[in-house]
1. I need the calculated FRET efficiency for the pair residue 8 and residue 87, taking r as the beta carbon distance and R₀ as 35 Å, to the nearest 0.05.
2. Shape of region 89-185 from its Cα gyration tensor (a ≥ b ≥ c, root eigenvalues): rounded if a/c is under 1.5, otherwise prolate when a/b > b/c, or oblate?
3. Give the average over all directions of the projected area of the C-alpha convex hull of region 22-102, one decimal, in nm².
4. Starting from the Cα coordinates of the chain, work out the convex hull volume and express it per residue in Å³.
5. If a/c stays under 1.5 just call it rounded; otherwise compare a/b with b/c (prolate if a/b is bigger, oblate if not). Do that for region 67-118, with a ≥ b ≥ c from the square roots of the Cα gyration tensor eigenvalues.
6. Given axes a ≥ b ≥ c from the Cα gyration tensor, I'd like to know whether region 1-53 is rounded (a/c under 1.5), prolate (a/b larger than b/c) or oblate.
7. Scan around residue 120 for amide H atoms under 5 Å from its own, H built in the peptide plane at 1.01 Å from N, and keep only partners 5 or more places away or cross-chain.
8. Rank 69, 55, 113 by mean-square fluctuation in a GNM of the chain with C-alpha springs under 10 angstrom and give only the top-ranked residue.
Amino acid sequence: MSLKPWKKIRDELISKNPYWQYREMILETGEGKKTHWYYTKHRPFVCIISVEGGGKIRMVRQYRPAPGGFYIEFPKGMVEDGEEPKEAAHRELGEETSLGAKSIEAITALEVGVGSSDLQMHVFLASNVYENDLPSDDTEEFEQISLTIKEVDALFQEGRSTDGESAAAWLVTRGRVQEIIDQMP
């Protein structure tokens, strides 16, 4: 059996806030059945993996209210209105890690939570970093963590970081991180 695309009949706003919208779609499946689908519509966000001198990778530990706990993750943040993802990567890197980067390389864009949202994560790799203390948002507090590539691997493999967004970003970026570290003096 060959799958057929679904047809969107209606897409309505249920509620919204400055960061996302909760929406209901009425769809017709490929087999002609009508169904309701609820999802969140988001602004895109960036995730930045930065390689410091000595081959260390900067991560942050912060409290995440929705799951109710502390998480070790790569710096992340929303792309603001009128801002390009690469600009957001520079800004978020400074706000969350106090680092700037001479080089920020776009790695890929990943769809996050495809069953319930349209959230897109742009993954960047920052290198040739330097101190650049930008003020963080009023609602964010961070603990800085610098780890080796093996320590980052272990963090995800041993379940000490369960942030799926950071794990996905690491999966698609790790090889390039290793190349940068191998080229360091």
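Each value in this text was obtained by applying a stated rule to the coordinates, not by laboratory testing. These numbers were taken from a predicted model, which means no experiment stands behind them. Cβ placement follows ideal geometry from the backbone for every residue including glycine, while neighbour counts extend to all protein chains displayed.
1. The calculated FRET efficiency here is 0.65.
2. It is rounded, given that a/c, with a ≥ b ≥ c, falls under 1.5.
3. Projected area, direction-averaged: 8.7 nm².
4. Hull volume normalised by residue count: 154 Å³.
5. Oblate.
6. Here region 1-53 falls in the oblate category.
7. Amide H neighbours of residue 120, under 5 Å, 5+ apart: 45, 112.
8. Residue with maximal mean-square fluctuation among 69, 55, 113: 69.
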